[in-house]
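First the structure, in the form of structure tokens, and then the observations on it.
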Amino acid sequence: MDGSIVIEGLSKYYNSFLALDNLSLKVRRNEDVALLGPNGAGKTTTLKLLCGLLRPSSGTAYINGANVAEERERAVSMVGAILETPEFYPFFTPDETLNYLGRLRKMHGRELRHRIKEVLKLVGLERWANVRVEKFSRGMKQRLALAQALLHDPPILILDEPSLGLDPRGMMEVREILKEARKGKTVFFASHLLTEVAQICKKVAIIDHGKLRAYDNIAHLKKKYRSLERAYLKLTEVTI
Amino acid sequence: MSEFEKLKTVTRYELLKQFRRRRFYGALAITVIAVILTIGLYKGLDLPRQMGAPDTPELFAIFVTSMSTIAILGAVFFAGDAIASEFERKTGYILFPNPVRRITLVAGKYIACFIATAAILALAYLISTGALLGFYRRLPGGILGSFAIALMLACCVLSIAFTFSSLLKGSMGATIATLLTFMLIFPIISTSLSYAGYAPWFMPDYAGDAVANTYGVPLQQAFGGMPGQRLRFKWNPEPTLSFLVLLTYAVILFQLSIWVTKRREMI
């Protein structure tokens, strides 16, 4: 299976509502790809399907060759993910949370302790390591979400609007963290913030109403439509 | 890493979660108050004399180890939100994308809830044992059987709570549904069957009453004057059969909760 993430004819119905319509695309190793689209386009559904949180109505998704539906544990072991706006157990501290998740990912002892310190430092939460999450702001929880996604140093990051709900400074900081953390990784992330996408990725998949409208380099789209914004508006059927 | 190691990890952290919650300590406090109140009223009102029965350790044990309500409430409070909250409070977005099977997650949560409930029941029985030794210098042999049935009753209620928790969207709904099922629906069925002359031996609430029926004193005699006296069928759950009935409910409903949770999507 060539490609870190391979999606073949993936569809998802919620009762009779078609949220994702026969989506096919391939993300190569160490590529950064953004999934762009308006609210309700099917971005989050795609990412949830890739993480095995939803069952596809039809089609298949592969993570590094592992079929997500049939080998879910093997597939997600290669992924670090932030989905929707994650919440943490309020009674745990970041240190305890990461210890729990790390152990579930086969990390132990000194290696785990060292890595927890490293990721907490990376996301700027080292001073909060032993404070219960119930006292955390939205931004701090988002940083912790990023820390847990990076904890096991996965080859693939799947991120659903990682800067959602953050103030401008928080958004900028998350982007900086991602720039540093994504080195040597495949990043597949959903967003509707064009500036964020342009800063992080070279390639975008634009979806609307569950259908793939374009999958191309940002440079090509800019050349064809004069700007990424125009490409996005044109392809998501909004008249300028 | 084997699935068993993951189960140990899930259990350990779920248990830590239970011990960090105020409701655990609230349940402990209520249990202590309930047991001490029962002992105080039994002795203070001289219940054996009022009942016209001899004051034996067996009769005392029947009163102070009637812990079915504690087992039910403990299990419901710890288990009602075990699965539903992962979906309702979105913590599942952090937990479920890990390489761990849902069956392991559910089993770990179940074991943790059981340990928390068992701790509360153990405290209640310890106080009762202390009181028995203090007042009568002797322990009735049936107390261990009573404790075993109380633990199995807790397992049965946990399984019911886990089933509702896996089916329903909200933790509160699962908690209320479990309470209503055990404290309203089951008793209506059991009592109706008893009045009709059928033995409700297969009902969990009836089987749960066997916690007080391990001392060789028939419940009918101990609680003379209760509605059971007028029944054609005697309210006298047999301990071994009751234990097996509770075990059957616990196993089947626990498996059902796993089956539902495995199929549940994070929408």
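The values are calculated or read from the model by the stated rules, or taken from the named source; none is laboratory data. Just so we're clear, the structure is a prediction, and the values are computed from it rather than from any experiment. FYI the Cβ positions are ideal-geometry reconstructions off the backbone, even for glycines, and counts take in every protein chain you see. These area figures cover heavy atoms from the full protein model, side chains too; ligands, DNA and RNA do not enter into them. Shrake-Rupley method; radii C 1.70, N 1.55, O 1.52, S 1.80 Å.
Here are a few things to note about the model shown:
- Hits in the stretch B:238-267 - residues which are basic (Lys, Arg) and in a helix (DSSP H, G or I): B:262, B:263
- Test: residue in the stretch A:20-33 that is hydroxyl-bearing (Ser, Thr, Tyr) and over 24 Å from residue B:7 (Cβ atoms): yes
- Qualifying residue in the stretch A:48-56 (condition: more than 15 Å from residue B:266 (Cβ to Cβ) and touching a residue at least 60 places away in the same chain (Cβ under 8 Å)): no
- Index of the failed condition, residue B:12 passing every other in (1) under 21 Å from the mean Cα position of the chain (by Cα); (2) farther than 30 Å from residue B:136 by Cα: (1)
- Residue pairs whose Cβ atoms lie under 9 Å apart, sitting 6 or more positions apart in sequence or on different chains, and linking a residue in the stretch A:106-117 that is away from chain B (no Cβ under 14 Å) to a partner that is not in a helix (DSSP H, G or I), are A:115/A:107; A:115/A:151; A:115/A:152; A:115/A:153; A:116/A:107; A:116/A:129; A:116/A:151; A:117/A:129.
- Some residue of the stretch B:26-39 being of a type outside the set (Asp, Glu) and either more than 25 Å from the chain's Cα centre (by Cα) or closer than 30 Å to residue A:74 by Cβ (or both): no
- The listed residue being without any contact (Cβ under 8 Å) to a residue 40 or more places away in the chain and within 16 Å of the chain's Cα centre (by Cα), out of A:198, A:205: A:198
- Scanning the stretch B:1-31 for residues that are surrounded by 14 or more Cβ atoms within 10 Å (Cβ to Cβ) and away from chain A (no Cβ under 14 Å) returns B:27, B:28, B:30, B:31.
- For the criterion of being touching a residue at least 60 places away in the same chain (Cβ under 8 Å) and surrounded by 23 or more Cβ atoms within 10 Å (Cβ to Cβ), residue A:146 passes.
- Taking every residue in the stretch B:5-27 that is over 21 Å from residue A:104 (Cβ atoms) and pairing it with any residue that is open to solvent by 20 Å² or more (accessible area, probe 1.4 Å) and assigned to a helix (DSSP H, G or I), at least 6 positions away or on another chain, the pairs with Cβ-Cβ distances below 8 Å are B:23/B:77; B:27/B:73; B:27/B:77.
- Some residue of the stretch A:162-169 being surrounded by fewer than 19 Cβ atoms within 10 Å (Cβ to Cβ), closer than 28 Å to residue B:87 by Cβ and modelled with pLDDT of 90 or more: no
- Some residue of the stretch A:153-169 being touching a residue at least 12 places away in the same chain (Cβ under 8 Å), more than 25 Å from residue A:64 (Cβ to Cβ) and under 14 Å from the mean Cα position of the chain (by Cα): yes
- Residue count for the stretch B:52-92, restricted to those that are part of a loop (DSSP other than H, G, I, E, B), surrounded by fewer than 24 Cβ atoms within 10 Å (Cβ to Cβ) and either among the β-branched types (Val, Ile, Thr) or more than 14 Å from every other protein chain (Cβ to nearest Cβ) (or both): 7
- Among (1) crowded, with 24+ Cβ neighbours inside 10 Å; (2) part of a helix (DSSP H, G or I); (3) facing chain B (nearest Cβ under 8 Å), the one test that residue A:98 misses: (3)
- For the stretch A:8-51, the tally of residues that are in a loop (DSSP other than H, G, I, E, B) and hydrophobic (A, V, I, L, M, F, W, C) stands at 2.
- Within the stretch A:49-72, if we keep just the residues that are touching a helix residue (DSSP H, G or I) at 6+ places or on another chain (Cβ under 9 Å) and within 10 Å of chain B (Cβ to nearest Cβ), the residue that is surrounded by the fewest Cβ atoms within 10 Å (Cβ to Cβ) turns out to be A:55.
- Residue match in the stretch B:115-136 (condition: open to solvent by 10 Å² or more (accessible area, probe 1.4 Å), in contact with a Pro (Cβ under 6 Å, 6 or more places away or on another chain) and more than 14 Å from every other protein chain (Cβ to nearest Cβ)): yes
- Restricted to helices (runs of 4 or more DSSP H) entirely inside the stretch B:151-211, those with at least 2 residues that are out of contact with any Leu (no Cβ under 7 Å at 6 or more places or on another chain) and surrounded by fewer than 18 Cβ atoms within 10 Å (Cβ to Cβ) are B:171-180, B:186-195.
- Residue within the stretch A:124-146 that is among the hydrophobic types (A, V, I, L, M, F, W, C), closer than 21 Å to residue A:48 by Cα and assigned by TED's automatic domain parsing to the domain that holds residue A:236 present: no
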